[in-house]
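Undergrad: Below are the structure tokens for one structure; questions will follow.
The values are calculated or read from the model by the stated rules, or taken from the named source; none is laboratory data. Worth saying up front: this structure is predicted, and the values here are computed from it rather than measured. Positions of Cβ are backbone-derived with ideal geometry, glycine not excepted, and every protein chain shown enters the neighbour counts. Please note that ligands, DNA and RNA were not included when accessible areas were found on the heavy atoms of the full protein model with its side chains. Shrake-Rupley method; radii C 1.70, N 1.55, O 1.52, S 1.80 Å.
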Amino acid sequence: ATEIQWWHAMSGPLGEKLEKIASDFNASQSEYKIVPVFKGSYPEAMTGAIAAFRAKQNPALVQVFEVGTATMMAAKGAVYPVYKLMAEQNEPFDTKTYLPAVTGYYSDTQGNMLSFPFNSSTTILYYNKDLFKKAGLDPNTPPKTWPELEEMAKKLQASGTACGFTTQWPSWVNVENLSAWHNVAIGTKQNGMGGLDTQLTISNPLVQSHWEKLAEWQKTKIFDYGGRQAKADPKFFSGECGMSIGSSAARAAILANAKFDLGYGMMPYWPQVKGAPQNSIIGGASLWVLTGRPQAEYKGLAKFFTYLSKPEVQAWWHEQTGYLPITPAAYDFAKAEGFYAKNPGADISILQMTLNPPTENSKGLRFGSFAQIRDVIEEELEATLAGQKSAKAALDAAQERGNTLLRAFEKANQ
Ligand SMILES: O=P(O)(O)OC[C@H](O)CO
């Protein structure tokens, strides 16, 4: 069989499920063998694939997190667009079968899907029902707003829980999804979707007041910062924090590691912001096909994408991981199987994504060098939480440093 390497960034239970998808595909036919290769975190997998491409040692397929989208789209000679691959290999591919929020994220301005949307997530609230009970809180009522969350956090602490809440992916939660959820732009030109000449607008009253609150809460551990990416997870798994806001796909690891009854809620919103809550945006990753490999590998990849497009395969992946059902067909499949009736709360992610029709501020983001810009934002947030900078000074700095990166990206890709 023709072997096709698939570089990815899924570890723990997510990695196991990804390997199962590959081996199921391999067992379904005998001509091609997908070989998953774990390459570290999302940023490491992306940087590794770009370096490998330059050295002509790249795999045919790489999983790239959503923040790398603009960078991959700009890497024209390196990428074999998925719509083109499917057409040239005569495999059916209808982008209309995906949720518009997903198609929009990975399509060019002509509406062509450039990468294959494999694992889309969004940020949701998780809470520890056992600790809620201990605090005298209703275990079936998560907080809806930030002031409610603050009150609940105080009650959790009064009953002996060390911290109210933590979050994964600090910028994704506390800037990117916060803004979409409140229908506030984080950049000009439809959050960068309308062109490379975009500017960040993150230093705005919404984000400033949210960061001020986080810094205030950090002092008493109503909020406790746990690090970048998914580094905050142990705080929630262990019961140190009673609530956590993070990827809908954190579900797999929480269910595997935590020994408590898990509750789900939508992200909290600030009630003084008119129109909130709006809808949340996707994160996660998509699959990019890189050029320079033998033709047979591309034929096999097209077949693999057709396999991944089956509603039953998509529904399985969604149910096992917490990633979104990215096509209505997969959502219907999961419903018909009785998945949500058996797993209350597992549909919060999709309900939140589709709560309202997306606006220019809530349909997604597309900023060049956004992996680096996220590092800048998180560095500035860390300075705020450590009391070294005011929220406004940190956000002004993040905005300015981010815009410098955007201008360099624009110049390099004119
Ligand atoms: O943990 P994931 O896969 O849902 O991804 C979270 C973020 O969107 C990564 O940028």
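Undergrad: Can you give the Kirkwood hydrodynamic radius of segment 69-196 from its Cα pairs, in Å with one decimal?
TA: 18.2
Undergrad: A further question on this structure: I need two numbers for segment 193-343: Rg to one decimal and Dmax as a whole number, Cα atoms only, in Å.
TA: In Å, with Rg to one decimal and Dmax whole: 20.0, 59.
Undergrad: Taking all protein chains in place and a 1.4 Å probe, what share, in percent, of the accessible surface of segment 329-414 do carbon and sulfur account for?
TA: Carbon with sulfur: 53 percent of the solvent-accessible area.
Undergrad: So what are the radius of gyration and Dmax for the Cα set of the chain, in Å?
TA: 20.9, 63
Undergrad: Work through the residues other than Thr2 whose Cβ is under 11 Å from its Cβ and net out their charges, Lys, Arg +1 and Asp, Glu -1.
TA: That sum, taken over residues with Cβ under 11 Å, equals +1.
Undergrad: With everything on Cα atoms, drop me the angle between helix 295-308 and the longest principal axis of the chain, reported from 0 to 90° to the nearest 10.
TA: Approximately 40 degrees, to the nearest 10.
Undergrad: Right, next: For His182, what residues show an amide H to amide H distance below 5 Å, using hydrogens built from the backbone and excluding near sequence neighbours?
TA: Result for His182 returns Gln278.
Undergrad: Under the definition of Cα pairs under 8 Å and six or more residues apart, what whole-number percent is the relative contact order of the chain?
TA: Reported as a whole number, the value is 26 percent.
Undergrad: Hey, can you find the accessible area per residue of segment 91-179 for me, probe 1.4 Å, expressed in square angstrom?
TA: Per residue, segment 91-179 has 34 Å² of solvent-accessible surface.
Undergrad: Within the set of other residues whose C-beta is less than 14 Å from the C-beta of Val67, count the net charge using Lys and Arg as +1 and Asp and Glu as -1.
TA: That works out to -2.
Undergrad: Separate question: If I model a spin label as a point 7 Å beyond the Cα along the Cα-Cβ vector, how far apart are those points for Glu312 and Glu148 in nm?
TA: 4.0
Undergrad: Given Cβ point charges of +1 (Lys, Arg) and -1 (Asp, Glu) and nothing else, what value in debye, to the nearest 20, does the dipole of the chain about its Cα centre take?
TA: The calculation lands at about 220 debye.
Undergrad: Compute the angle between helix 370-385 and the longest alpha-carbon principal axis of the chain, please, reported from 0 to 90 degrees and rounded to the nearest 10.
TA: 10
Undergrad: What is the gain in length, in nm to one decimal, between Thr109 and Asp332 on full extension, counting 0.36 nm per residue of separation less the C-alpha to C-alpha distance?
TA: 77.4 nm is the gain from fully extending Thr109 to Asp332.
Undergrad: Assuming 0.36 nm per residue, please report the length gained on full extension of the stretch Ala393 to Asp138 beyond their Cα-Cα distance.
TA: Contour length minus Cα-Cα distance gives 87.9 nm.
Undergrad: Further, regarding this structure: Could you tell me the calculated FRET efficiency between Ser11 and Ala162, based on Cβ-Cβ distance and R0 = 22 angstrom, to the nearest 0.05?
TA: 0.25
Undergrad: Sort segment 6-51 into rounded, prolate or oblate with this rule: let a ≥ b ≥ c be the square roots of the eigenvalues of the Cα gyration tensor; rounded if a/c is under 1.5, and if a/c is not under 1.5, prolate when a/b is larger than b/c, oblate otherwise.
TA: Oblate, because a/c is 1.5 or more while a/b does not exceed b/c.
Undergrad: Also: Expressed as a fraction of 2.2 N^0.38 Å, the rule-of-thumb size for a compact globular protein of N residues, what is the C-alpha radius of gyration of segment 37-134?
TA: It is 1.37.
Undergrad: I want the local charge near Pro142. Using Cβ-Cβ distances under 12 Å, sum +1 for each Lys or Arg and -1 for each Asp or Glu among the other residues.
TA: Once all neighbours under 12 Å are counted, the net charge is 0.
Undergrad: Can you figure out the FRET efficiency of Glu360 with Ala1, using R₀ = 45 Å and their beta-carbon distance, to the nearest 0.05?
TA: With R0 = 45 Å, the Cβ-Cβ based efficiency is 0.45.
Undergrad: Something else about it: Taking θ = phi - 60°, what integer Hz values does the Karplus form 6.51 cos²θ - 1.76 cosθ + 1.60 yield along segment 17-29, in sequence order, with x for Gly and Pro?
TA: 5, 4, 5, 5, 4, 5, 6, 5, 5, 4, 6, 7, 7
Undergrad: Turning to a different aspect of this structure: Simple spin-label model, 7 Å along Cα-to-Cβ: Lys189 to Leu255 in nm?
TA: 4.1
Undergrad: Give me the distance in nm between label points sitting 7 Å out from Cα along the Cα-to-Cβ direction at Gln272 and Ser209, one decimal.
TA: Label at Gln272, label at Ser209, 0.3 nm between them.
Undergrad: As a test of the definition: which semi-axes, in Å, follow for segment 129-279 when you take the square root of five times each eigenvalue of its alpha carbon gyration tensor? Largest first, please.
TA: Taking √(5λ) for each eigenvalue gives 28, 17, 14 Å, largest first.
Undergrad: Before anything else, pin down the relative contact order of segment 57-141: Cα pairs under 8 Å, at least 6 apart, normalised by residue count, whole percent.
TA: This gives 20 percent for segment 57-141.
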